[in-house]
1. Taking 0.36 nm per intervening residue step and subtracting the Cα-Cα distance, what contour gain separates S242 from A76 on full extension?
2. Out of all DSSP beta bridges in the chain, what portion is antiparallel? Express it as a percent rounded to 5.
3. Compute the accessible area per residue over the chain, keeping the other protein chains in place, probe 1.4 Å, unit Å².
4. Whole angstrom only: what separates the Cα centroid of region 67-110 from the Cα centroid of region 338-388?
5. Please identify the DSSP H helices in the chain that span no less than 27 Å along the helix axis (Cα) and have a mean Kyte-Doolittle hydropathy of -0.5 or more.
6. Quick one: if you stick a label point 7 Å off each Cα along the C-beta vector at D291 and D369, how many nm between them?
7. Where the centroid of each part is defined by its Cα atoms, how far is region 141-186 from region 299-322 in Å?
8. If you filter region 306-358 for GluC sites (Glu not before Pro), then keep DSSP loop positions with at most 15 other Cβ within 10 Å, what is left?
Amino acid sequence: MTGLGGYGPRPANLPLRRGVVDFSDEAGVAAILALVGDAELPPVAETAGLPFVGVTTDGRPVPDLFALRDEGAPVARAAQAARDHLAGLDARQRAKAALPLDAVEWRLWSNAFLTFDEHGLLLQELTDAERKAALAVVEASISAAGFDQARQAMRLNGRLGELVGAYDDTLTEFCYRFTIFGEPSSDQPWGWQLQGHHVDLHCLFVGGQVVLTPAFLGVEFDGDVVFAEHQERARELMASLSAVQRGQALQYGSMLSTELPPELAGVVDGRHRAGAGRDNLVLPYTGLAGDQLSAGQRELLLALTDPYLQALPESPRTHRRAQIARHLDSTHLAWIGTWDEGAPFYYRVHSPVVLIEYDNHPGIFLDNDEPEPFHVHTIVRTPNGGDYGKDLLRQHYAHHHH
């Protein structure tokens, strides 16, 4: 299967790569639009410089949701790994590898076509030792399960390239850019970004706390293996609901593009609302609210968030789960499609402190015209100013820098 999702033969001048799209090239732009149809390219460059608000339900962040505390994040270990990584680079590399903590590049990321200048170091251009040192920063910052999942997605990206026999500047295991933000420290804020096709991760340390959102993870095949738990827990929750509850959760009963409104049938974002370029998304609650669930169903709803927290180290994960549990009454479940075994679907879990999206997509590099469970995109955000650790940073500077 080597077609581009049923969109016809690949235009010869399609600039599909992890690089800057030349928007002065009308033929190249036309080729991109022919591929993505009516879907809009993510407005990353247009929104990255806007004042950060965060994902909200009405444009106004809910105050006092997050607090500075020591949650046992592995900041010392991660900071040492980051210093070792930077020490192993030459001066030219270090100039690209590290940016100021408040750099706009934090918000310049995309799973789709890049419309902005790339930043950071491209892993596949590093030596084996340099690349190992860069990935060691990620490994030291997150859980073993989270690191394994990210590396699995990267390897599957490489296998996809081998399968289609093309795009060796996009579909490789190490076609990912890594950037350090701020000066790695045990007591001052700093972080990192790893971004590329199907893997866009952000990590910010503030004291003993760590924030790992926004996070985008996906694969174009084997998604029903890599994200099996994400699928199984969702189906289990839907199976537990009454007919009335399902009616509240269900937004659309089909994933077929012909049976969805155009804004939910695009190739780039699919049904996702909170992808790249949507840092200030206004997204009202919709679907079934947690306060309409039984005690057992509430446990299933909370358990559904667990696979999306697995990248957090153990102690921060415990704190994050408790935070989500405190807002379970105002947590909403929205669903598109069926919940039959082997069927594609979309779901959203949305509360004041977490926004989770799971979506199945049609083929881009493979030739399935409609969504399939093996092509998975997931997004996790921390609404109301929590993404990129922004609210914690605001509090940190208010307390320590006046």
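1. Working: separation 166, 0.36 × 166 = 59.76 nm, distance 4.82 nm.
Difference between extended and current length: 54.9 nm.
2. 90 percent
3. It amounts to 40 Å² per residue over the chain.
4. Answer, in whole Å: 28.
5. Details: long enough: 144-164 (30 Å, -0.22).
Qualifying helices, which must be both long enough and hydrophobic enough, are 144-164.
6. 4.6 nm
7. 23 Å
8. On the way: sites: E314, E341, E357; in loops: E341.
Hits after loop and neighbour filter: E341.
The values are calculated or read from the model by the stated rules, or taken from the named source; none is laboratory data. Nothing here was measured: the structure is a model prediction, and the numbers come from that model. So basically every Cβ, Gly included, is an ideal-geometry build from the backbone, and we count neighbours across all protein chains shown. Note: areas computed on protein heavy atoms with side chains; ligands, DNA, RNA excluded. Shrake-Rupley method; radii C 1.70, N 1.55, O 1.52, S 1.80 Å.
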